[in-house]
Amino acid sequence: MGGTHTGTFSLRPADRPVPEVFRLLTSVVTPRPIALVSTVSADGTPNLAPFSFFNAFGANPPMVGFSPSRRVRDGSTKDTYANLKATGECVVNVVPRHLVEQVNLASAEFPPDVDEWPRSGLTPVPSDDIRPARVAESPVQMECKLFQLVPLGEGPGAGNLFLCEVVRFHVDHAVLTSFPGPDTPDAPLQVDLDALDLVGRGGAFRYSRTAGPGPAAFTLPKPADGDVIGWDRLPAAIRESPHYTAGDVARLATCPALPTAADLDAFAAAHAPTPGSESDVERLLAADHPAAAFQTALHLYAANTASATALLHRAVQAAITAHDLGFALPAALLTARLQS
């Protein structure tokens, strides 16, 4: 147990398994800023991937660096590595709190020929000086050209440090407190760090927030290995619902597959409406019982209660927040079916 031992545990990395060294390193070097990097392959296939081995390394010229490490499981390299090595261009997009769920979705292991842009629900906008697109939803986008590639090993978990020169910054006015303009050409360029509200990566599934309301630390499980539904393959009734945030939709999109019609029928049978009132739904939500709240909201929906639709969506959101996506996805789909 933590705190029950004295002294220091020492180890040589060469004596321990690579996955263990990786977990130790990423648990103690934290929080790490996150670069959402967009590239294109030599044949023009777009790619989008986040990296938390990322930082700035100079201002004259402005230099950023990130490491698409070799996969720990087999030592293979990632699409970003191949693309940037082949073309020498990328965009580094910063990651604020409101984007982290979609960025997490983009971290799923998609095949090389899959375009991560529609899968993540993020919007590409053309860059000015390079081929890869920028992420419209990111408040700061840095168009970069490769300065130097430094291989840091050959085996599983080895890093590949890409040092990239920023050739153009794009900064949203919403995160600036001062910037030069026609009437104020000498105004300094100043960023509002609270408005920027960036997130950092910790060990395992932990993230930290640099500003803004809500918890300073939170967890967000990485999508499982293999295919995920993806943003674009969710029904429009979920993607376009005013009741769900982009983060809600992104979390649902990390599920491995959409339930079939038979699955949805079985879910509905197992979660039959439960008699109760609006106050019962509120009580169940406050007690972190989204499934029971959903069943009571189903009863209210059948009774044509005015607030029932909103209560159904709130129960789904509560399940999403609790990472219970196995319940949240069919509940969201059942709610959409009721409203169709």
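The values are calculated or read from the model by the stated rules, or taken from the named source; none is laboratory data. Predicted model only: the values in this text are computed from it and were never measured. All Cβ positions, glycine included, derive from the backbone under ideal geometry; neighbour counts span all protein chains shown.
Given Ala303, Ala328, Ala332, Ala319, which one is in the same structural domain as Ala246 (by TED's automatic domain parsing), on the phi < 0 side of the Ramachandran plot and modelled with pLDDT under 95?
Exactly one of Ala303, Ala328, Ala332, Ala319 is in the same structural domain as Ala246 (by TED's automatic domain parsing), on the phi < 0 side of the Ramachandran plot and modelled with pLDDT under 95, namely Ala303.
Please enumerate the residues belonging to segment 45-94 that are among the small types (Gly, Ala, Ser) and either surrounded by 23 or more Cβ atoms within 10 Å (Cβ to Cβ) or not assigned by TED's automatic domain parsing to the domain that holds Val21 (or both).
Within segment 45-94, just Ala49 meets the criteria.
If only one of Phe205, Phe179, Phe162 is surrounded by 13 or more Cβ atoms within 10 Å (Cβ to Cβ) and within 23 Å of Leu325 (Cβ to Cβ), which one is it?
None of the other options fit; the residue is Phe205.
Can you find, within segment 95-143, the residue that is surrounded by the fewest Cβ atoms within 10 Å (Cβ to Cβ) among those that are in a strand (DSSP E or B) and either in contact (Cβ under 8 Å) with a residue 60 or more places away in the chain or of a type in the set (Lys, Arg) (or both)?
Residue satisfying both the conditions and the ranking: Pro124.
For segment 315-336: of the residues being over 17 Å from Phe267 (Cα atoms) and without any contact (Cβ under 8 Å) to a residue 60 or more places away in the chain, which is nearest to the chain's Cα centre (by Cα)?
Among residues in segment 315-336 that are over 17 Å from Phe267 (Cα atoms) and without any contact (Cβ under 8 Å) to a residue 60 or more places away in the chain, the one nearest to the chain's Cα centre (by Cα) is Thr321.
Taking the residues in segment 294-306 that are touching an Asp or Glu at 6+ places or on another chain (Cβ under 8 Å) and in a helix (DSSP H, G or I) as candidates, determine which candidate is surrounded by the fewest Cβ atoms within 10 Å (Cβ to Cβ).
Within segment 294-306, the match that is surrounded by the fewest Cβ atoms within 10 Å (Cβ to Cβ) is Leu300.
In segment 6-37, what residues are polar (S, T, N, Q), loosely packed, with under 14 Cβ neighbours inside 10 Å and either over 25 Å from the mean Cα position of the chain (by Cα) or under 20 Å from Thr80 (Cβ atoms) (or both)?
Answer for segment 6-37, where residues must be polar (S, T, N, Q), loosely packed, with under 14 Cβ neighbours inside 10 Å and either over 25 Å from the mean Cα position of the chain (by Cα) or under 20 Å from Thr80 (Cβ atoms) (or both): Thr6, Thr8, Ser10.
Only residues that are more than 20 Å from Leu311 (Cα to Cα) and in a helix (DSSP H, G or I): list them for segment 246-289, please.
Listed by number, the residues that qualify are Ala250, Ala253, Ala261, Ala262, Asp263, Asp265, Ala266.
So Gly230 clears everything in (1) under 17 Å from Asp324 (Cα atoms); (2) surrounded by 15 or more Cβ atoms within 10 Å (Cβ to Cβ); (3) of a type in the set (Gly, Ala, Ser) except one condition, right? Which one?
All conditions pass for Gly230, except number (1).
Within segment 251-301, track down each residue that is touching a residue at least 24 places away in the same chain (Cβ under 8 Å) and more than 32 Å from the chain's Cα centre (by Cα).
If the condition is that a residue be touching a residue at least 24 places away in the same chain (Cβ under 8 Å) and more than 32 Å from the chain's Cα centre (by Cα), then Ala272, Pro273, Thr274, Pro275, Gly276, Glu278, His299, Leu300, Tyr301 are the ones that fit.
Which residues, taken from segment 28-45, are of a type in the set (Ser, Thr, Tyr) and modelled with pLDDT of 90 or more?
Listed by number, the residues that qualify are Ser38, Thr39, Ser41, Thr45.
Yes/no per residue for (1) in contact with a helix residue (DSSP H, G or I) (Cβ under 7 Å, 6 or more places away or on another chain); (2) within 16 Å of Ala319 (Cβ to Cβ):
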site	(1), (2)
Arg239	yes, no
Asp248	yes, yes
Arg251	yes, yes
Ala261	no, no
Ala270	no, yes
Pro275	yes, no
Leu300	yes, no
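Tell me which residues, restricted to segment 120-135, are out of contact with any Lys or Arg (no Cβ under 8 Å at 6 or more places or on another chain) and closer than 18 Å to Val95 by Cα.
Those that are out of contact with any Lys or Arg (no Cβ under 8 Å at 6 or more places or on another chain) and closer than 18 Å to Val95 by Cα: Ser120, Leu122, Thr123, Pro132, Ala133, Arg134, Val135.
Take segment 35-62 and flag every residue that is under 18 Å from Asp129 (Cα atoms) and in contact with a Leu (Cβ under 6 Å, 6 or more places away or on another chain).
The answer is Ser38, Thr39.
Which pairs have Cβ atoms under 7 Å, sit 6 or more apart or on different chains, and link a residue in segment 57-83 that is more than 15 Å from Ser107 (Cβ to Cβ) to one that is of a type in the set (Lys, Arg)?
Within 7 Å, the pairs are Ser76/Arg70; Thr77/Arg70.
Per-residue answers, yes or no, for (1) farther than 22 Å from Val199 by Cα; (2) modelled with pLDDT of 95 or more; (3) among the hydroxyl-bearing types (Ser, Thr, Tyr):
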residue: Val100; (1), (2), (3): no, yes, no
residue: Val103; (1), (2), (3): no, yes, no
residue: Gly121; (1), (2), (3): no, yes, no
residue: Ser127; (1), (2), (3): yes, yes, yes
residue: Ile130; (1), (2), (3): yes, yes, no
residue: Glu154; (1), (2), (3): yes, no, no
residue: Phe162; (1), (2), (3): no, yes, no
